[in-house]
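The values are calculated or read from the model by the stated rules, or taken from the named source; none is laboratory data. Note that the structure is a prediction, hence the values are computed from the model and not measured. Virtual Cβ from ideal backbone geometry, glycine too; neighbours counted across all protein chains shown. The protein model used for the area step is the full one, side chains on, heavy atoms only, and it has no ligands, DNA or RNA in it. Shrake-Rupley method; radii C 1.70, N 1.55, O 1.52, S 1.80 Å.
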Amino acid sequence: MRLQSSSSVTRSENMRRIRSKNTKPELIVRGALRELGFLGYRIHYKKLPGRPDVVYLGKRKVILVHGCFWHGHNCKLGTRQPLSNREYWVPKIECNRQRDARHLAELTQLGWSVLIVWECELRDRPALCKRLAGFMGH
Ligand SMILES: [Zn+2]
């Protein structure tokens with residue numbers, strides 16, 4: 001009984017995390033963009049599919065920051081799935097992946113350039129900045 005209630009607490013915390021805005025990975029990316037001088041972005045832009053995290057309207061560029069676990073990245077962080085509640089996590093993550101793919105296709109079709117930055121790619125800041133600058137066209 002105790003175990004059950006503690007795992008449901010964890011689940012709701014995780015649910016909050018996925019819905020929450022301004023997650024740490026997003027803040028890192030936005031900080032890097034500001035440092036590089038790419039200002040004037042909109043965040044969680046409602047008028048585009050999936051409310052992209054960072055949007056440059058004039059340049060028609062979108063940057064998506066994905067947490068590895070929730071978005072099912074094929075990396076160490078993303079494949080570290082909890083053993084408990086697998087019947088919950090596995091379909092949930094698969095559903096997120098499909099949704100991400102759909103949003104990506106829709107954005108591309110609408111003529112937007114899309115860069116996906118994964119959580120696990122944030123540690124190497126010089127590499128991150130290089131990618132961001134390359135994407136933004138500098
Ligand atoms: Zn990853």
Report task. Among the residues of the stretch 30-48, count how many are among the small types (Gly, Ala, Ser) and open to solvent by less than 30 Å² (accessible area, probe 1.4 Å). Result -> 2
Requested in this report: Please work out if ARG51 is assigned to a loop (DSSP other than H, G, I, E, B), under 20 Å from THR23 (Cα atoms), among the charged types (D, E, K, R) and at pLDDT 95 or above.
Outcome: yes
Report task. With the checklist (1) open to solvent by less than 20 Å² (accessible area, probe 1.4 Å); (2) in contact with a helix residue (DSSP H, G or I) (Cβ under 8 Å, 6 or more places away or on another chain); (3) not small (Gly, Ala, Ser) in hand, flag the one item VAL55 doesn't pass. Result -> (2)
Report task. Go through the stretch 69-88 residue by residue and tally those that are within 23 Å of VAL117 (Cβ to Cβ) and either surrounded by 10 or more Cβ atoms within 10 Å (Cβ to Cβ) or of a type in the set (Lys, Arg) (or both). Result -> 12
Query raised in the report: Out of curiosity, is ARG17 under 14 Å from the mean Cα position of the chain (by Cα), under 19 Å from LEU122 (Cβ atoms), at pLDDT below 95 and surrounded by fewer than 16 Cβ atoms within 10 Å (Cβ to Cβ)?
Result: yes
Query - Looking only at the stretch 74-98, and only at residues there that are free of Cβ contacts under 8 Å to residues at least 40 places away in the same chain and of a type in the set (D, E, K, R), the one that is nearest to the ligand (Cβ to nearest atom) - result: ARG80
Report task. Could you tell me whether any residue of the stretch 111-130 is within 16 Å of the ligand (Cβ to nearest atom) and polar (S, T, N, Q)? Result -> no
Query raised in the report: Out of the residues in the stretch 115-138 that are within 12 Å of the chain's Cα centre (by Cα) and open to solvent by less than 60 Å² (accessible area, probe 1.4 Å), which is nearest to VAL62 (Cα to Cα)?
Result: LEU115
Report task. Pairs only if they're at least six apart or on different chains, beta carbon under 7 angstrom, first in the stretch 107-130 and acidic (Asp, Glu), second within 12 Å of the ligand (Cβ to nearest atom); list them, first residue then second. Result -> GLU119/PRO25; GLU119/HIS66; GLU119/GLY67; GLU119/CYS68; GLU119/LEU77
